[in-house]
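Colleague: Here it is, the structure in full.
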Amino acid sequence: MVAHADVPELVPVRMLNEFTYCPRLMYLEWVQRDFADNADTVEGRYCHRRVDRPSGRLEQVDPAVAHARSVELAAPRIGLTAKMDLVEAEGAHATPVDYKRGSPPDIPERAWEPERVQLCAQGLILEENGYTCEKGVLYFVEAKQRVEIPFDAALRARTAGLLADARRVAAGGQVPLPLADSPKCPRCSLVGICLPDEINLLRREGEDSESEPEPRKLLPARDDALPLYVQSAGARVGKRADELVVETRDGGKSHVRIGETSQLGLFGRVQVSTQAVQDLCGRGIPIVYFSHGGWLYGITTGMTHKNVELRRLQFRVAEDPARSLALARRLVAAKIRNTRTLLRRNGADVPALDLDRLKRLVGAVESAEQAESLLGIEGTAARIYYGAFSRMLRPPTGNGRWEFDFDGRNRRPPRDPVNALLSLAYALLVKDWTAILLSIGFDPYLGFYHRPRYGRPALALDLMEEFRPLIADSVVLAAINTGVIQPDDLVRTGLGVALTPTGRGKLIDVYERRMNELVTHPVFRSLSTSLRHTHREFTDSPPRC
């Protein structure tokens with residue numbers, strides 16, 4: 001399916017453990033370099049906090065009992081490498097000790113197969129390095145129990161066979177299929193990347209739907225991590241312990257836990273310390289930079305995603321005109337459908353001719369044979385949609401000020417309040433898509449519909465197309481029609497119109513509340529959220545969370 005990355009000659013024994021548990025898990029972690037934490041992985045690191053600090057010496061000639069922690073050894077002949085928690089050696093005899101969280105399982109072997117295979121692989125490495133190794137020990141931290149695992153012929157043969165299978169799968173360039181309705185999936189840290197039930201359901205598409213198990217709710221509906229926006233001019237974001245510290249120019253100070261932050265958005269002249277940047281990059285939390293007026297101009301991310309396979313496939317598809325056009329048709333068709341739906345649900349006396357023309361343009365998109373014709377169709381649909389956009393605005397019935405007349409889309413700079421709001425909403429949406437694409441390994445600058453152009457995140461623009469009316473446009477309509485945004489929240493700057501910091505904060509609040517709404521997936525029938533939970537904001541007024 002995809003061209004695989006080069007497979008290293010030496011297989012880490014941890015990956016052999018993963019392969020025994022689930023071949024797909026091993027492939028995602030080792031070949032595609034995907035990883036995510038959950039409570040089990042964090043607790044596991046805590047249990048290893050002592051043995052992960054190297055100490056002691058492992059020497060064959062030492063007649064006394066030696067205890068060496070965090071021992072790194074390789075076995076080139078059999079093709080394995082390991083970082084062993086603890087090795088107990090007495091002369092030429094060595095025993096690997098592997099630390100595990102929890103308690104021994106109530107099964108005859110008193111250990112699951114992945115752990116026994118991993119321990120046996122460590123024994124094989126020790127043997128290639130000149131030691132005699134007849135058994136290993138699993139030490140269960142919570143129960144404080146040692147379980148001896150003899151390295152008999154059957155376990156050695158099983159370990160060798162799994163090692164050969166793991167190397168073959170890794171070199172094959174084909175992502176293994178997910179497990180089917182397996183009890184292993186809910187506790188797996190990569191369940192949000194693997195999506196086992198969703199992928200299996202799509203593979204069975206067209207089969208008898210009554211026999212299909214409904215996808216399990218393996219993921220929480222909302223993420224605990226929240227975006228943090230800082231837009232107070234002259235503010236500084238620093239780091240202290242496990243917190244981000246936001247200090248404003250007037251001396252105000254607020255603290256936000258880094259573990260509860262999904263991204264950091266900076267507007268205008270806001271400084272961020274090197275320590276904060278390093279910590280956020282290490283945790284995979286993007287830092288997003290906006291101009292004072294809300295123009296997205298940069299994102300700082302860490303080296304958190306290394307999926308070369310995904311980018312190779314993206315580049316091949318982008319260079320294939322037929323495949324790119326097929327994807328572009330789906331994106332543009334969805335966008336036009338959603339604009340038509342928004343007009344039908346929210347517009348007052350929208351001409352039936354406009355709705356009919358949009359419906360016919362969807363058909364024209366699906367039969368378009370060239371990218372140029374697709375651009376023309378989308379442009380026609382946009383003119384119809386923005387021509388009727390004002391019909392979704394609700395002027396006040398009294399004598400209140402009304403400065404939200406709309407006469408078509410304009411930008412750079414936006415020349416009226418509605419376009420100023422639309423521009424900021426679109427910037428927030430493209431920011432989110434760019435950050436998401438970077439976090440999962442795509443190149444956001446290489447799209448399938450928007451062609452590459454210096455500095456333009458073409459793929460982010462591609463994927464936001466169908467969400468413009470559903471998220472950005474609906475946010476602007478809600479902010480205006482409910483009176484959240486008032487004329488005093490906008491200011492004229494030369495030929496353009498911009499939002500004041502207070503007005504910008506109000507629109508961000510409406511945007512994040514929209515992103516927080518739960519929806520029912522039309523295919524998987526499970527609750528999810530568009531992108532995230534809610535947000536925090538700091539403005540020139542006293543900082544608030």
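The values are calculated or read from the model by the stated rules, or taken from the named source; none is laboratory data. What you are looking at is a predicted structure, and each value in this text was computed from that prediction instead of being measured. A quick note on method: Cβ atoms are made from the backbone with ideal geometry, for glycine too, and the neighbour counts reach across all protein chains shown.
Colleague: Within the stretch 395-415, identify whether any single residue is over 24 Å from Ala458 (Cα atoms), assigned to a helix (DSSP H, G or I) and either in contact with a strand residue (DSSP E or B) (Cβ under 6 Å, 6 or more places away or on another chain) or not aromatic (Phe, Trp, Tyr) (or both), and answer yes or no.
Modeller: Keep residues of the stretch 395-415 that are over 24 Å from Ala458 (Cα atoms), which gives 395-407, 415.
Then keep just the ones that are assigned to a helix (DSSP H, G or I); that gives none.
No: zero hits.
Colleague: Same structure again: Can you go through Arg391, Arg360, Arg412 and tell me which one is in the same structural domain as Phe467 (by TED's automatic domain parsing), on the phi > 0 side of the Ramachandran plot and surrounded by fewer than 17 Cβ atoms within 10 Å (Cβ to Cβ)? Explain how you work it out, then say what you get.
Modeller: On the way: Arg391 fails: on the phi > 0 side of the Ramachandran plot; Arg360 fails: on the phi > 0 side of the Ramachandran plot.
On inspection, the qualifying residue turns out to be Arg412.
Colleague: Among what's in the stretch 83-118 and is of a type in the set (Ser, Thr, Tyr) and buried (at least 17 other Cβ atoms within 10 Å of the Cβ), pick the residue that is nearest to Ala143 (Cα to Cα).
Modeller: Tyr99
Colleague: Exactly one condition in (1) closer than 19 Å to Trp295 by Cβ; (2) outside the structural domain of Leu393 (by TED's automatic domain parsing); (3) not in a helix (DSSP H, G or I) is false for Arg456; which is it?
Modeller: (2)
For every residue, the table says whether it meets (1) buried (at least 16 other Cβ atoms within 10 Å of the Cβ); (2) charged (D, E, K, R); (3) not in a loop (DSSP other than H, G, I, E, B).
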| site | (1), (2), (3) |
| --- | --- |
| Glu142 | no, yes, no |
| Arg146 | no, yes, yes |
| Ala157 | no, no, yes |
| Gly161 | no, no, yes |
| Ala164 | no, no, yes |
| Arg168 | no, yes, yes |
| Ala171 | no, no, yes |
| Leu179 | yes, no, no |
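Colleague: Taking the stretch 286-313, which residues are touching a helix residue (DSSP H, G or I) at 6+ places or on another chain (Cβ under 8 Å), of a type outside the set (D, E, K, R) and in contact (Cβ under 8 Å) with a residue 60 or more places away in the chain? Break it down into steps so the answer makes sense when it comes.
Modeller: Of the residues in the stretch 286-313, the ones touching a helix residue (DSSP H, G or I) at 6+ places or on another chain (Cβ under 8 Å) are 286-288, 290, 294-296, 299-305, 307, 309-310.
Going one step further and asking which of them are of a type outside the set (D, E, K, R), we end up with 286-288, 290, 294-296, 299-305, 307, 310.
Selection gives Pro286, Val288, Phe290, Gly294, Trp295, Leu296, Ile299, Thr301, Thr304, His305, Asn307, Leu310.
Colleague: Could you tell me how many of the residues in the stretch 261-291 are in a helix (DSSP H, G or I) and surrounded by 18 or more Cβ atoms within 10 Å (Cβ to Cβ)?
Modeller: 2
Colleague: When you scan the stretch 298-316, do you find a residue that is surrounded by 15 or more Cβ atoms within 10 Å (Cβ to Cβ), of a type in the set (Gly, Ala, Ser) and closer than 30 Å to Ser232 by Cα, even just one?
Modeller: Checked against the condition, which is being surrounded by 15 or more Cβ atoms within 10 Å (Cβ to Cβ), of a type in the set (Gly, Ala, Ser) and closer than 30 Å to Ser232 by Cα, the stretch 298-316 yields at least one hit.
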